[in-house]
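Working notes for the structure below.
The values are calculated or read from the model by the stated rules, or taken from the named source; none is laboratory data. Everything numeric in this text was worked out from a predicted model, so none of it was measured. SASA here: full protein model, heavy atoms, side chains in, ligands and nucleic acids out. Shrake-Rupley method; radii C 1.70, N 1.55, O 1.52, S 1.80 Å.
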Amino acid sequence: MICEGCGQPAAWTPFGRCSWECYDQDRSTEQEQQAMIDAAPDAFAFFMGLAPGRRIDSSE
C-alpha cells in the first residue's frame, strides 16, 4: 500500500497509514478529522503493539 500520510510504500495497515506519526496528522476535511479522532485509541494500540483492552498506564 501507499501510506496516506507520507506517500511512501508500506506494509498494509487497517488505518491506511504506516505509523502513528503518519496517522496523527491533520486531515483535509472536518469529517475526516473527526473520524481520525474517533479511531485514534484503536490506531494507537495497533501501532504501539498493545493487546486489545490493555491500558497504556498498566504496569503489566
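State in Å² the accessible area per residue of the range 6-45; use a 1.4 Å probe, count heavy atoms of protein chains only, and round to the nearest integer.
On a per-residue basis, 67 Å².
Met1 to Gln25: extension gain in nm, 0.36 nm per residue of separation minus the Cα-Cα distance?
6.8 nm
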